[in-house]
Amino acid sequence: MSRRIDGKAIAAQIKDELKEEVLRLKGSGVTVGLAVILVGEDTASAIYVNNKKKACEYVGIESVSYELPADTSQEDLLALIGRLNQEEKINGILVQLPLPEHIDEEAVITAISPDKDVDGFHTESAGRLLVGKEGFLPCTPAGIIQLIRRSGFSIEGKECVVVGRSNIVGKPMALLLLRENATVTVAHSKTENLQQVTSRADILVAAVGKPKFITADYVKEGAVVIDVGIHRTAGRKMCGDVDFEEVQKKAAAITPVPGGVGPMTIAMLLANCVEAAKR
Ligand code: NDP
């Protein structure tokens, strides 16, 4: 039976550390402010935004939210971002994705000042990560590095396989593991013999977007398995990209869904806001 990596507990620990840091900053006259923009009435997005606001409140970050109607024009949204870029009290700007179809996500993300890009999605942040310069890291992969490290597993020299190559999870995940001196393979939908590739992994990160896709046959005995996927099954139960029940019998450690990677994503967003204020 494998060890369960408790993302909720590790995220709580990080939030408590940040709470102290926010207090210290307040003591020296610096407040931390986050602007959260939500366009439209997508229920899942509204829940995510609400969770982010609650987490901000807990650590003492002042969050200001802009809940805009679904028919907001791209021009108006860009104008709001332009104003927030200039606003001194706002250290971070977060635009909840996905945006309505008539709005170009790329244009919106690049309109955010790289100094306030707390989601780490701006091309400048991505470029900085690529060349090893300091910058904002995308929250989900940054949270996964913290999960692995704080659970006591080393990354250096290990064989890591990331399944998925999206700009927000797979690619930055691979770069961060490389920065930690792992040997990294990125697999995707065109990868041949996927089971053979994933079975080499000491650390396997699943960001496939397919419920219970990674079964025990994909996993090496004793591997550390990180499940990024979030899916709601018919009975409103949640599951990830990994078949937890099966894989836990084989892995040394595994993240559950919920309670694994998810809480870490929010914790790292808060960490980026604090970092932005310090800069
Ligand atoms: P995307 O859909 O953007 O990317 C999925 C990746 O999986 C693609 O690179 C795709 O390959 C690859 N893939 C799809 N099918 C296969 C297959 N059969 N074999 C191998 N690779 C395959 O998803 P995201 O990266 O945005 O998200 C992944 C999952 O993580 C989702 O479930 C999402 O909900 C969740 N998520 C969770 C977060 C959290 O906080 N816990 C945050 C962000 C996402 P190709 O490029 O070739 O198409």
*asked:* Amide H of SER166 versus every other amide H placed in the peptide plane: which residues, excluding those fewer than 5 positions away on the same chain, fall under 5 Å?
replied: LYS171
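Set the bar at 21 Å for Cα to Cα. Now go through LYS19/LYS133; LYS190/LYS237; LYS26/LYS89; LYS158/LYS220; LYS158/LYS212; LYS8/LYS278 and name every pair that lies beyond it.
Working: LYS19/LYS133 27 Å; LYS190/LYS237 30 Å; LYS26/LYS89 13 Å; LYS158/LYS220 13 Å; LYS158/LYS212 25 Å; LYS8/LYS278 26 Å.
As for pairs spanning more than 21 Å Cα to Cα, those are LYS19/LYS133; LYS190/LYS237; LYS158/LYS212; LYS8/LYS278.
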*Between exposed GluC sites (Glu not before Pro) in the chain, where DSSP calls loop and at most 11 other Cβ atoms lie within 10 Å, what's the longest gap?*
222-279
*Ordering SER154, SER73 by how much accessible area each has at a 1.4 Å probe, largest first, what is the list?*
SER154, SER73
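In the calculated pair distance distribution of the chain, what percentage of Cα-Cα distances lie above 31 Å? Write down the numbers at each step before the final one.
Numbers: 10767 of 38781 pairs.
It works out to 28 percent of all Cα pairs.
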*With the Cα gyration tensor of the stretch 139-262 giving a ≥ b ≥ c as the square roots of its eigenvalues, does the rule (a/c under 1.5 for rounded; else a/b larger than b/c for prolate; else oblate) give rounded, prolate or oblate?*
rounded
*Would you please give the residues with an amide H less than 5 Å from that of ILE214, counting only those at least 5 places away or on a separate chain, with H modeled from the backbone geometry?*
VAL242, ASP243
*Go through the stretch 141-147 residue by residue and turn each phi into a ³J(HN,Hα) via Karplus (6.51, -1.76, 1.60, θ = phi - 60°); whole Hz please, and just put x for glycine and proline.*
x, 4, x, 5, 4, 5, 4
*Can you tell me the dipole magnitude for the chain around its Cα centre, using point charges on the Cβ only (Lys, Arg +1; Asp, Glu -1), in Debye to the nearest 20?*
1000
*With every protein chain kept in the model, how would you rank LYS171, LYS89 by accessible area, 1.4 Å probe, largest at the top?*
LYS89, LYS171
*Per residue of the stretch 78-87, in order, report the coupling 6.51 cos²θ - 1.76 cosθ + 1.60 (Karplus, θ = phi - 60°) as ³J(HN,Hα) in whole Hz, putting x for Gly and Pro.*
5, 5, 4, 4, x, 5, 5, 4, 8, 6
*Loop only per DSSP, at most 15 neighbouring Cβ atoms within 10 Å: give me the trypsin sites (Lys or Arg not before Pro) in the stretch 165-272, ordered by residue number.*
LYS190, ARG200, ARG236, LYS237, LYS249
*Can you give the accessible area of LYS133 in Å² (nearest 10), computed on protein heavy atoms with a 1.4 Å probe?*
120
_With DNA, RNA and ligands ignored, accessible area of ASP76 (1.4 Å probe; Å², nearest 10)_ = 90
*Accessible area per residue in Å² at 1.4 Å probe, computed on the chain*: 49
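Over the stretch 85-132, consider all pairs of different Cα atoms and compute the Kirkwood hydrodynamic radius from their mean reciprocal separation; express it in Å, one decimal. Provide the component values of the computation, followed by the final result.
Working: mean 1/r = 0.0867 Å⁻¹.
One decimal place: 11.5 Å for the Kirkwood radius.
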*If one computes the Cα centroid of the stretch 259-279 and of the stretch 110-175, what distance in Å separates the two points?*
12
*How much solvent-accessible surface does HIS102 expose, in Å² to the nearest 10, with a 1.4 Å probe and all protein chains in place?*
100
*asked:* Show me, for the stretch 102-107, the HN-Hα J-couplings you get by feeding each phi into the Karplus relation (A = 6.51, B = -1.76, C = 1.60, θ = phi - 60°), rounded to Hz, glycine and proline as x.
replied: 6, 10, 7, 4, 4, 5
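Need one word for the stretch 29-114: rounded, prolate or oblate. Basis is the Cα gyration tensor (sqrt eigenvalues a ≥ b ≥ c); a/c below 1.5 gives rounded, then a/b vs b/c decides. Please report the intermediate quantities before stating the final value.
Working: a/c = 2.37, a/b = 1.28, b/c = 1.85.
Oblate.
Considering only protein heavy atoms, with the full assembly of protein chains and a 1.4 angstrom probe, order PHE136, PHE244 by accessible area, largest first. Each step should come with its number before you reach the end.
On the way: PHE136 5, PHE244 40 Å².
From most accessible down to least: PHE244, PHE136.
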*Counting only residues 5 or more places away or on other chains, whose amide H sits under 5 Å from the amide H of GLU159 once H atoms are built in the peptide plane?*
THR183, ASP202, ILE203
_Mean Cα-pair separation over length for the chain, i.e. relative contact order, pairs under 8 Å, 6 or more apart, %_ = 23
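The values are calculated or read from the model by the stated rules, or taken from the named source; none is laboratory data. Nothing here was measured: the structure is a model prediction, and the numbers come from that model. Methodologically, a virtual Cβ is constructed for each residue, glycine included, from the backbone with ideal geometry; neighbour enumeration extends over all protein chains shown. Surface areas here come from the heavy atoms of the whole protein model, side chains and all, with no ligands, DNA or RNA. Shrake-Rupley method; radii C 1.70, N 1.55, O 1.52, S 1.80 Å.
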